[in-house]
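For reference, the structure discussed in these notes is given below.
The values are calculated or read from the model by the stated rules, or taken from the named source; none is laboratory data. Since this is a predicted model, take the numbers as computed values, not measurements. Here the Cβ is made from the backbone with ideal geometry for all residues, glycine too, and neighbour counts use every protein chain on show.
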């Protein structure tokens, strides 16, 4: 086991030395990959921050349930229990019809009109705070609650949620297209880099095959090179995205103060950061594998 570890470590060390044999060329290769990966990663991070910002300004979504005027106290309790047991509801507030009438008198100039009424025209109501804020989830929950006994009307202002959801879907689709194109660019860069290495080491590979080296043994350093180059490019992309977000926080802080808000751009969380590094490593390995699979088979000892 120790021998296997030492062998792989030795290959990685030689790959590192070969990658930075020309320090400037190695640095620029990593930088180009990092910039390519940072474009969709930065857009994704801004999209995630924009989603939380929109949620902050739009407030918590609410569903108003208006009960029938002839609803009795025990029927109100039954509705309250059903709402409390619903898995998609975070909390519920009950607004009695008498309290609603008092608020109407306080907040409007219709005191004389309200006092002239023979009876209270307002129904009992429940204000429901859903756990999820997606447009589809809100619509489904409203339709479900509208079927409850004694619920006369279920009201939800979901236009903003639908607009936000459509905008976020468009943003995610644009990021996916950009990420796909730049992933292809990363594979192409690694493919060409490995191809040039295979061509420059043609004689060495020929001799290795002549003395009995297997294709997997010859292939391994090139695959390590591609994976390491992708990993370093992912690390560079992470630093670029983090630096961009931190630099944007200063002017954003001045802007948010004008709107009496304290909004800060957050960097990529740990899960997304690890996904970024794993994806860039895989793309580098894939480019190397494709290049080796195409060019290594053409080299045979004479």
Would you tally the residues in the stretch 197-256 being more than 27 Å from residue 22 (Cβ to Cβ), touching a residue at least 12 places away in the same chain (Cβ under 8 Å) and more than 37 Å from the chain's Cα centre (by Cα)? 3
Report, by residue number, each residue of the stretch 130-152 that is more than 18 Å from residue 91 (Cα to Cα) and either outside the structural domain of residue 69 (by TED's automatic domain parsing) or touching a helix residue (DSSP H, G or I) at 6+ places or on another chain (Cβ under 8 Å) (or both). 135, 136, 149, 150
Selection from the stretch 123-143 of residues under 18 Å from residue 163 (Cβ atoms) and assigned to a loop (DSSP other than H, G, I, E, B) yields 132, 133, 134
Identify all residues within the stretch 265-298 that are in contact (Cβ under 8 Å) with a residue 60 or more places away in the chain and outside any helix (DSSP H, G or I); write none if there are none. 265, 266, 267, 268
